[in-house]
1. Among the residues of the range 168-183, how many are at pLDDT 85 or above and assigned to a loop (DSSP other than H, G, I, E, B)?
2. Scan the range 361-377 residue by residue and report those that are crowded, with 22+ Cβ neighbours inside 10 Å and either within 60 Å of the chain's Cα centre (by Cα) or within 25 Å of ILE448 (Cβ to Cβ) (or both).
3. Those residues that are touching a residue at least 60 places away in the same chain (Cβ under 8 Å), under 18 Å from ASP166 (Cβ atoms) and in a strand (DSSP E or B), I need them from the range 557-596; list them, please.
4. When you go through TYR164, TYR266 one by one, which is the residue that is outside any strand (DSSP E or B) and in contact with a strand residue (DSSP E or B) (Cβ under 6 Å, 6 or more places away or on another chain)?
5. Considering ALA243, ALA231, ALA200, ALA282, which residue is free of Cβ contacts under 8 Å to residues at least 40 places away in the same chain and part of a strand (DSSP E or B)?
6. Residues in the range 5-52 that are under 22 Å from GLY123 (Cβ atoms), part of a strand (DSSP E or B) and either of a type outside the set (Ser, Thr, Tyr) or modelled with pLDDT of 90 or more (or both): how many?
7. Has the range 486-499 got any residue that is part of a strand (DSSP E or B), under 24 Å from the mean Cα position of the chain (by Cα), at pLDDT 90 or above and surrounded by fewer than 18 Cβ atoms within 10 Å (Cβ to Cβ)?
8. Out of (1) surrounded by fewer than 17 Cβ atoms within 10 Å (Cβ to Cβ); (2) under 41 Å from the mean Cα position of the chain (by Cα); (3) of a type in the set (Gly, Ala, Ser), what's the single condition that is false for SER465?
Amino acid sequence: MALNPFFLQGSQSEQNLVQQLINEQLRMYGIEVTYIPRKFVRKDTILNDIQSSKFDDNYTIEAYVNTYDGYSGAGDILTKFGVSLKDELTITISKERFEDFISPFLEAEDDNEIVLSSRPREGDLIYFPLGQRIFEVKFIEHEDPFYQLGTNYVYLLKCELFEYEDEVLDTSIPEIDSQIKDEGFITTLKLIGIGATATASSLINTGYVRQIFLNNDGSGYTSTPIITFSAAPTNGSTATAVAITTSRAGVRSIQEILLTNAGFGYTVAPTIFITGGGGVGAAATCIIEKVQKGVVSVAVNGGGAGYSIAPSVSIEGPSAGAAATATIGAGGTVTALTITNPGAAYTATPTVVVQSPPTRTGVLSTSTLNTAGSGYSVGSYNLIPYIISTGIGGTGAIIQVTSVSASGGITGFATSYGGFGYSASDYYYLSGGNNNGIIFITSVTTGIGTTATVTASISQNTVTSLSITNPGSGYTVAPTITISNIDSIKDPSLARAVIIAGITTGNIVNAIRIKNPGIGYTVNPSVTIANPPLITGIGTYQFNEVVVGSTSGARARVKSWNSTLKELKISIIDGTFSSGEVLVGLGSSAIYSVSQFDNRDLYDKYSQNDEIEEEADLILDFSQSNPFGAYWC
């Protein structure tokens, strides 16, 4: 039988009245809590599991606390992992208030996410201000009381104390966000605020250790062995070096030997002694360079600051290669070459360029015989200025006498080299006769000579000889000789010195080691040490902001920042931060360089579990055999 139509079991007006009365009661007897909806950051696309989430919105709503006797649940219990809090909270909120003031703002993060915007969601958070605690919504009862007057008016939220697991909580309300400040996996970044560039200078000399050969790397070293050299001769300097060890298959040996000072003044290769360190078998020899100069030492003038990793160091190569000088003859030609520096590290024959002769003015062009003189024979003669000449100033001309009379008088001549600086209508003696003949210059011209050409030969990476293939002409002074010194014809591993820097725990450069002293230096080369990652750190990192490593791209959330100790506590880490990179705060724009990344959680109450496990391993040794004895199966 149908219901009586005259009794509606709740009209619209009756339902509205009840809802308004409930809302009023909640405002009178409830408290304000903060509703924090959950947002999904990353999902597993295969299993559709939530991998990470964030809480960055907040809504204030009045709620009635049903558990008026205090928190319900199991309470505080002691487990084998420490004290565990099992508090629960049940609250009642208005359905109408939620749907009017919170639901419209709950939007799906993407098209695949289904958001129950008509009611609260499990997994959302409730901040309970009286206890300053955050609770997670575990169940929503939306039918209690059960359809009074035909509808429902409240949501009953059953909540448990929120267990933080690296979710992002960033509501912009300090009282709420600070609740997880010390929760989660927290690691430490040690940062550097001030940097300064280190400086160094080099010294070159001869008779130095050119190269070290590690003939046997030895084995069984428990500490770094000591490297010593036999003493250099008087007025010399004894070389020094350090060993770099490595471990392979559990056996520690010497990887390489680096010079800290190449020494100088050696006439024979010194003996190398390897002592200490607990190992045996290591042996090394060396060769020296007695003629050409190399970098024998590099002194740190200023250690700088802010170096979290050893900086790169560059040093100038030999400033010049092989060099030579030229000699010119009386006819303006190149007659001889002298090698003044054989150079070094040549792997191919260098090109030789001879400076071109200058353009000469006043070159003797035509002349006549004024006085034949006597005592001449066929051959070459120089001109000497005649005292009555008006424009004396020419030099270098050579006259070739082609015929003479019985008394040695000049009967025929020609100009073999016109010299320079002559003027028409000048008179010049012809040197060499008993009675000087006189030449009258009738005309002069401008002379352009030819450039001499030279080729080089090399042996054992140095220039050993130069050959004149064309002596050229028209030179008034000895030309400059340029021998190429480009990298394409030289072995940089032989010529240019190679050095590396070492740093101390104080982030300063404290030593320079020589991997290769180089060869062929004529002046002390300049040394350039790279700048630290950051000269001046600025800004203040803010709680909960994201920081990013400039090199590694690693990201994390800030837990706290100690500007005095330059320590940054971080969590929710994605990637691995690298020493030496710049750390940028995306919110604060703070910038500092990373000195050290300690990826251990030193702040969790269970952080000593690793130490406990290590101590247990010392008791039971599984590395050699089963500590419990043999067994059959």
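1. Final tally of qualifying residues: 4.
2. GLY362, VAL363, LEU364, SER367
3. Matches in the range 557-596: ARG557, LYS559, SER560, LEU568, LYS569, ILE570, SER571, ILE572, ILE573.
4. TYR266
5. Of the residues listed, the single one that is free of Cβ contacts under 8 Å to residues at least 40 places away in the same chain and part of a strand (DSSP E or B) is ALA243.
6. Residues in the range 5-52 being under 22 Å from GLY123 (Cβ atoms), part of a strand (DSSP E or B) and either of a type outside the set (Ser, Thr, Tyr) or modelled with pLDDT of 90 or more (or both): 12 in total.
7. yes
8. It fails just one condition, (2).
The values are calculated or read from the model by the stated rules, or taken from the named source; none is laboratory data. Computed from a predicted structure; not experimentally measured. Backbone-built Cβ (ideal geometry, glycine too); neighbour counts: all protein chains shown.
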